[in-house]
Structure formats: C-alpha cells, structure tokens
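A short worksheet on the structure shown next.
The values are calculated or read from the model by the stated rules, or taken from the named source; none is laboratory data. What you see is a predicted model; the values in this text were computed from it and never measured. Every residue, glycine as well, gets a Cβ built from its backbone with ideal geometry; the counts of neighbours run over all protein chains shown. Remember, those area values only see protein heavy atoms, side chains included, never the ligands or the DNA or RNA. Shrake-Rupley method; radii C 1.70, N 1.55, O 1.52, S 1.80 Å.
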Amino acid sequence: MISAALFDFGGVLTSSPFERFAAYEASAGLPVGLIRRINSTNPDDNAWAHFERNLVDRAGFCAEFEAEAAALGHEVDGEAVLACLDGEIRPEMVRAVEQCGPRLKTALLTNNFAAGDGDDERHHQVEEIHELFDLVVESSKVGYRKPDRRFYEIACRGLGVDPAECVFLDDLGINLKPARAMGMTTIKVADPVVALAELEAAVGFPLR
C-alpha cells in the first residue's frame with residue numbers, strides 16, 4: 001500500500017535540462033552529448049558531484065567543469081551549463097504534488113546546488129514548490145546525492161515510512177535503480193502524461 005510519494009525536481013517538476021544542454025552544445029559547436037558525457041565520467045568525484053554535495057562553490061564548479069571539458073579537448077562555459085538547469089515548471093506535475101498532499105506523505109528528493117544570494121522570481125518559484133512537501137531532501141544540505149542509497153534512506157526516515165510504502169518519480173534510470181532495489185515503486189518520467197497515469201495507478205486516486 002503506497003503511503004508516500006517522492007518526487008525529483010529537475011526533469012520531473014520541471015522540463016528536462018537535457019534539451020537545453022543539447023541546444024547549448026549546438027550553439028557552441030560542441031559534440032552532441034558532451035555535457036552528459038562529462039557528468040557521467042567519474043560521477044562520484046567530478047565537478048558535478050562536488051557541487052551537488054556543496055564541496056565547491058559556483059566559481060569552483062565552473063573551474064572544475066571547464067577543466068574536465070578541456071581534458072577532453074573542448075572549451076565549455078561553466079556558467080552557460082548551469083543556466084541550462086532552469087527548466088520550465090510543469091504545472092500538471094505540481095498539481096499532482098498538491099493532490100497527493102492530503103492523502104499521502106510527500107517528499108522532494110533533489111540533487112541540487114547551494115542557493116545563492118539572489119532574490120529573483122525563479123528562487124521564489126522554487127521556494128513555493130518546496131513548501132508543498134512534508135520533507136525536502138537536498139544533496140547540497142545532506143552531503144549525499146542520488147543514486148547513493150543513503151540519500152533515499154534519509155527520505156524514508158524523515159517521513160517515517162518503509163521503502164515499500166513509497167512511489168518515487170525521477171527522470172534518470174540510474175537514480176531509480178537503487179530506490180527500486182530498496183523496494184520502492186518507481187516511475188521514470190519522460191512524458192509527463194504517461195508518468196501521471198502511472199502515478200495514478202500506483203496511488204489509486206485521480207491526479208488530473
């Protein structure tokens with residue numbers, strides 16, 4: 001019986017950053033898939049991992065990421081890469097969170113970066129979404145990141161649930177694999193319409 005719904009942020013509650021990565025690569029004359037290739041190389045100890053665990057600041061990430069790209073023979077703008085992460089909010093997914101709230105425990109499980117000092121509209125949008133959840137688990141604050149099993153364990157302890165009671169939505173299979181191994185019901189989000197149908201089937205009530 002599902003008693004908790006867990007959601008990723010980027011690529012689930014927002015549009016996927018991969019499309020914007022591809023657009024940047026095309027505009028900069030870079031090979032297709034270069035950014036994802038850099039991110040998946042040495043994934044536990046690269047620039048992306050350091051930034052998401054709050055081991056480096058924004059400038060440190062840019063320096064490390066640009067060095068990793070240079071090692072592959074390419075010049076990349078770290079700030080331009082980070083700008084690709086601000087995907088469009090998916091209202092239908094946010095509504096699903098709102099509809100889950102009265103019936104289920106909810107958590108946001110996000111690999112993210114420490115918030116800056118800005119006070120812009122995007123920051124407020126993210127904060128408003130965070131407030132919808134009973135629990136927010138952020139890699140930049142807990143020191144672990146998906147797909148580390150400990151990240152999911154923090155979420156379960158925080159909600160007071162067993163993994164088997166959870167349904168978890170993420171856009172990356174690598175992040176779903178350990179959750180599924182722990183006993184969670186998992187949904188890979190590619191098409192939000194399909195994902196919402198699968199979530200409705202898992203929780204047993206309508207979301208659209």
- Item | Residue list for region 59-81, given a label point 7 angstrom along the Cα-to-Cβ vector of residue 42 and an amide N cut-off under 13 Å | 64-72
- Note on the structure: Amide H neighbours of residue 106 at under 5 Å, excluding residues fewer than 5 places away on the same chain, with H built from the backbone geometry, are 5, 134, 135
- Item | Shape box of region 9-115 [Cα atoms, principal axes, largest first, Å] | 51, 29, 21
- Message: Using a 1.4 Å probe on the protein heavy atoms, what percent of the accessible area of region 1-118 belongs to carbon and sulfur?
- Response: 51
- Message: Among 89, 100, 78, whose Cα projects farthest towards the positive end of the dipole of region 65-133, with charges put on the beta-carbon of Lys, Arg (+1) and Asp, Glu (-1)?
- Response: 100
- Task: Tabulate in residue order the Karplus-calculated ³J(HN,Hα) for region 43-56, using 6.51 cos²θ - 1.76 cosθ + 1.60 with θ = phi - 60°, rounded to whole Hz; enter x for Gly and Pro.
- Result: x, 8, 8, 9, 4, 4, 5, 4, 5, 6, 9, 6, 8, 9
- Please work out the C-alpha center-to-center distance from region 105-161 to region 46-104 and express it in whole Å. 13
- Message: Using a 1.4 Å probe on the protein heavy atoms only, what accessible surface does residue 124 show? Give it in Å² to the nearest 10.
- Response: 90
- Note on the structure: The size of the Cβ-based charge dipole (Lys, Arg +1; Asp, Glu -1) of the chain about the Cα centre, to the nearest 20 debye, is 900
- What does the accessible area of residue 27 come to, in Å² to the nearest 10, when a probe of 1.4 Å is used? 100
- Accessible surface, region 22-136, averaged per residue in Å² (probe 1.4 Å): 54
- Note on the structure: Quick shape check on region 43-91: root eigenvalues a ≥ b ≥ c of the Cα gyration tensor, a/c under 1.5 is rounded, otherwise prolate if a/b tops b/c, else oblate, and it reads oblate
- Report residue 154's accessible area, 1.4 Å probe, all protein chains in place, as a number in Å² to the nearest 10. 40
